[in-house]
1. Check cross-link reach from residue 130 to the lysines: straight Cα distance under 25 Å, and skip same-chain residues fewer than eight apart.
2. Using all Cα-Cα distances in the range 80-211, what percent lands in each 10 angstrom bin from 0 up to the longest?
3. Can you give the FRET efficiency for residue 134 and residue 174, using 1/(1 + (r/R0)^6), R0 = 25 Å, r = Cβ-Cβ distance, to the nearest 0.05?
4. Using Cα centres only, tell me the gap between the range 64-99 and the range 116-167 in whole Å.
5. Please give the contour-minus-distance gain from residue 163 to residue 206: 0.36 nm per residue of separation, less the Cα-Cα distance, rounded to one decimal in nm.
6. Compare the peptides 226-239, 194-207 by average per-residue count of other Cβ atoms within 10 angstrom and give them in order, highest first.
7. Measuring from a point 7 Å past the Cα of residue 185 along Cα-to-C-beta, which residues in the range 159-179 have an amide N at less than 20 Å?
8. On a straight-distance basis, which lysines could pair with residue 76 in a cross-link, Cα separation under 25 angstrom, same-chain partners fewer than 8 positions away excluded?
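Each reported figure results from applying straightforward, stated rules to the coordinates on display, with no laboratory input. Every value quoted in this text rests on a predicted model; they were computed, and no experiment measured them. Cβ coordinates were reconstructed from backbone atoms using ideal geometry, including for glycine residues, and neighbour counts include every protein chain displayed.
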Amino acid sequence: MVAGGAKIIKFLVLFFNFLFFIFGIVLLGVGAYAEVKFGDFTKLSSVDFASGSRLLIAVGVFIAVIAFFGCCGAWKENRCLLVVFFALLLVMIVVEIAGAVLAYQHRDEISSTLENDINSTIANDYGTDKVKTEAIDLLQQVEKCCGAVSWRDWVINTNYNITKVPDSCCVDETAGCGESFYDPKSPNDLSKIYQTGCYVKLSTLVRDNLKTVAGVAIAILVIQILGMVFAGCLIRKIGQEAYTSA
């Protein structure tokens with residue numbers, strides 16, 4: 001059994017692993033929420049955005065496993081488990097930094113791709129592809145939006161024009177409401193339909209939550225680094241005491 005300063009380090013490792021485990025569960029929950037909220041919308045994109053939510057779920061599970069190794073290694077004072085914990089944390093930090101750099105480098109490409117994919121689906125697939133038609137309708141109903149940038153985007157579909165949009169664009173959706181929203185006597189009255197585009201809504205949603213996501217990511221990174229530092233110290237202390245008692 002370690003004693004003195006090593007014992008304090010042992011409990012610090014246990015404490016940071018507990019925090020690490022909690023963040024893992026949080027990430028798993030966020031990933032599950034994103035999968036439920038946006039999973040159906042990924043059918044609209046040529047990029048597999050669904051992998052983002054699934055990646056969060058996988059990372060949450062991986063973090064829980066890493067925390068298990070760290071807790072067991074610290075509690076049992078097992079150098080082998082602690083070394084595994086240290087190595088897994090190091091790999092995760094490298095992957096996280098690489099992922100963050102790639103996401104930042106391609107942020108504009110991802111944004112423009114999403115807008116183009118929504119417009120492409122409206123122009124070419126809505127009304128002919130059942131899966132994508134349902135995905136567009138669900139997106140417009142859930143996010144209370146219409147079109148990509150605005151409701152006027154529906155003119156690119158030959159079945160619609162400036163006076164006709166899908167029923168899923170209506171504030172109070174009823175059969176045929178998208179065909180009767182436009183009143184030539186009051187052309188500026190668009191209160192019966194959603195006027196904001198779905199791409200705009202999704203971009204705003206991401207931007208509004210970006211600070212929260214960044215804050216959680218930084219907190220996890222700090223905990224990981226501190227966990228590695230204390231795990232390294234504990235590994236060294238256990239080795240020293242094993243050598244002394246030998």
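1. 37, 43, 144, 164, 201
2. 12, 34, 23, 14, 10, 6, 2, 0
3. Efficiency, from the Cβ-Cβ distance: 0.85.
4. Using only Cα atoms, the two centres lie 47 Å from each other.
5. 12.4 nm
6. Values: 226-239: 19.4, 194-207: 17.5.
So the peptides 226-239, 194-207, ranked by packing, come out 226-239, 194-207.
7. 163-164, 177-179
8. Counting by Cα, and skipping residues close in sequence, residue 76 has these lysines nearby: 7, 10, 237.
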